[in-house]
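Student: Sharing a structure below in structure tokens format, with a few things to ask.
Just so it is clear, none of the values below were taken in a lab; they were calculated from the coordinates. These numbers come from a predicted model, not from an experiment. Don't worry about glycine lacking a Cβ; one is built from the backbone with ideal geometry, like all the others, and counts go over all protein chains shown.
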Amino acid sequence: MSDNNRINKDFAFGKQNYILLIIGTFLTVLGYVLLSGGGSEDPAVFSEELFSFRRMFVSPVLIILGLVIVGWGIMKKVK
């Protein structure tokens, strides 16, 4: 058995799995960062910024996409 095959069997994930996990985690964190903010200085004043395109569409799509990629990275078989 060569050293490369032995090294791959010692780890739970391969290089591609870790790359997918990092990308998915980054997208999820980016989605949460885009979701944050939008409050007003005065609590008695309503801010329409809460319903912006970024918070209502882009951020949830990034979060879901990131979670799907993390799941894919976990489930992907090592070659």
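Student: Past the 21 angstrom mark, what percentage of all C-alpha to C-alpha distances in the chain do you count? If you can, show how the numbers build up before the last one.
Tutor: Numbers: 1515 of 3081 pairs.
Everything past 21 Å amounts to 49 percent.
Student: Then there is this: Taking K and R as +1 and D and E as -1, what net charge do the other residues with C-beta under 15 Å from the C-beta of Ser40 add up to?
Tutor: Working: positive: Arg55; negative: Glu41, Asp42, Glu48, Glu49.
Within the 15 Å Cβ shell, the charges total -3.
Student: I want to check the label-to-label distance for Lys79 and Ala44. Put each point 7 Å from Cα in the C-beta direction and report it in nm to one decimal.
Tutor: Between Lys79 and Ala44, the label points sit 6.5 nm apart.
Student: At 0.36 nm per residue, and after removing the present C-alpha to C-alpha distance, how many nm does the segment from Ser52 to Phe13 gain when stretched out fully? Present the calculation step by step, with values, prior to reporting the outcome.
Tutor: Working: separation 39, 0.36 × 39 = 14.04 nm, distance 3.89 nm.
Additional length available on full extension: 10.2 nm.
Student: Run lengths n ≥ 4 of DSSP H only: what is the helix-derived mean residue ellipticity at 222 nm for the chain, with -39500 (n - 2.57) per run over all residues, to the nearest 500?
Tutor: Details: 3 runs with 46 residues, N = 79.
My calculation for the chain gives -19000 deg cm²/dmol from helical runs alone.
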